[in-house]
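Presented below is the structure to which this report refers.
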Amino acid sequence: MHLQHYLREYLQLYGYWVLFIGTFLEGEAVLIMAGFLAFQGYLDLAGIIVTACAGSFLGDQFFYYLGYFRGKSLLRRFHPIARKFRQALRLIEKYGALVAFFSRYTYGLRIVLPIILGVTSLPPRTFLWINMASALSWAVTFSLAGYLFGKSASLFLEDVGKYERTLMLVLMGFVMTAWLVHLYHAWNTKKPARDRLARIRALRAARSLQQ
């Protein structure tokens, strides 16, 4: 009982700051967990949505303007951003300004896409309004996912608080599983490119030995 009391006090003092920082960067897992904690009464659901929306919106605005002012130098200096540049450009060419809306829903390109959108001809004012709508929808979607997880658990368990730690572990397991599935899919998608690179290196090595 004392532990729950201290946990509630800690979350009320620092929970929203942790959520803000987490959503400024990536934050899906943090936001889902916050939604579950809102169901448990540790945090306020409306406060979570507002905080997550603000963190997500300001984060993408920051990365957009980073690309707007320093994008070309970042592409030259940071190879991970440059490697994802073509992939991001293909998405922008295919979907146009909609990429700005869905960028925070894309794994692996969440931070890179706003930077690259800043390099393109997308006007800052257009990005601002699209980013605002996207941040709100994202905050509502993932916070409700965690909240509804707790709501669903209450249909099967009489005292959700008694199994709080187990349910949090289960929820973290779901999030980690989804993340690992994405990594596995991304690894398989890049396999042809890795095979081509390996063949090119083997061919170069064979030519160097012949010389």
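Any read-out appearing in this document is the output of simple, stated calculations on the displayed coordinates, not a laboratory observation. Since the structure is predicted, the reported quantities are computational estimates derived from the model, not experimental observations. For neighbour counting, all protein chains shown are included, and Cβ atoms are generated from backbone atoms with ideal geometry for every residue, glycine included.
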Quiz item: What list of ³J(HN,Hα) couplings, whole Hz, do you get for segment 54-68 from phi and the Karplus terms 6.51, -1.76, 1.60, once you set θ to phi - 60° and write x for glycine and proline?
Solution: 5, x, 5, 4, 5, x, 5, 4, 4, 5, 4, 6, 4, x, 5
Quiz item: When you take every Cα atom in segment 2-163, what is the radius of gyration, and what is Dmax, the widest Cα pair distance, in Å?
Solution: 18.1, 57
Self-check item: Values of log10 I(q)/I(0), in the order q = 0.17, 0.18, 0.29, 0.33 Å⁻¹, for segment 86-132 under a Debye, Cα-only, solvent-free model
Solution: -0.39, -0.44, -1.22, -1.54
Quiz item: Under a Cβ-Cβ cut-off of 12 Å, what is the net charge of the residues other than Glu28 that fall near it, where Lys and Arg count +1 and Asp and Glu count -1?
Solution: +1
Quiz prompt | Footprinting exposure proxy for Tyr147, Tyr95, Tyr42 (fewest neighbouring C-beta atoms within 10 Å first) | solution = Tyr95, Tyr42, Tyr147
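Under a Cβ-Cβ cut-off of 14 Å, what is the net charge of the residues other than Leu98 that fall near it, where Lys and Arg count +1 and Asp and Glu count -1?
That works out to +2.
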Quiz prompt | Alpha-carbon centroids, segment 51-105 and segment 109-145: separation in whole Å | solution = 9 Å
